[in-house]
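Remarks on the structure that follows.
The values are calculated or read from the model by the stated rules, or taken from the named source; none is laboratory data. This is a predicted model, so every value here is computed, not measured. Each accessible area value is taken on the protein alone, full model and side chains, heavy atoms only, with ligands, DNA and RNA left out. Shrake-Rupley method; radii C 1.70, N 1.55, O 1.52, S 1.80 Å.
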Amino acid sequence: MPQYQTWEEFSRVAEKLYLADPVKACVVLKYRHSDGNLCIKVTDDLVCLVYRTDQAQDVKKIEKFHSQLMRLMVAKESRSAAMETD
């Protein structure tokens, strides 16, 4: 399970992983209060990508990335639902 050191590299690879197969992709956010660490994991059951941070500015980046993925999920769902009704 590769753990990325830079946010830019992780976000680029994670977005590609999601776009390759949105149905299989899974995104997990985990916060450990005792360590003050936030971990984001993106997986498709074959590849697992992990990024951990304890920096406040990285938390904002993770929040923005997570909301971007949520928008992609909603957009894909609405397109496929529209195709099914036609």
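Based only on Cα atoms, what Rg/Rh ratio does segment 1-51 have, Rh being taken as Kirkwood's radius? Before the final figure, lay out each step's value.
On the way: Rg = 11.2 Å, Rh = 11.3 Å.
That ratio is 0.99, to two decimals.
Look at where the Cα atoms of segment 31-78 and of segment 1-24 average out, and the two centres are 10 Å apart. Overall, the accessible surface of segment 1-52 at a probe of 1.4 angstrom is composed of carbon and sulfur to the extent of 52 percent. Rounded, prolate or oblate for the chain? Axes are the square roots of the Cα gyration tensor eigenvalues, ordered a ≥ b ≥ c, and the cut-off for rounded is a/c under 1.5. Prolate, since a/c reaches 1.5 and a/b exceeds b/c. Computed per residue of the chain from DSSP H runs no shorter than four, each worth -39500 (n - 2.57), the mean residue ellipticity at 222 nm is -18000 deg cm²/dmol.
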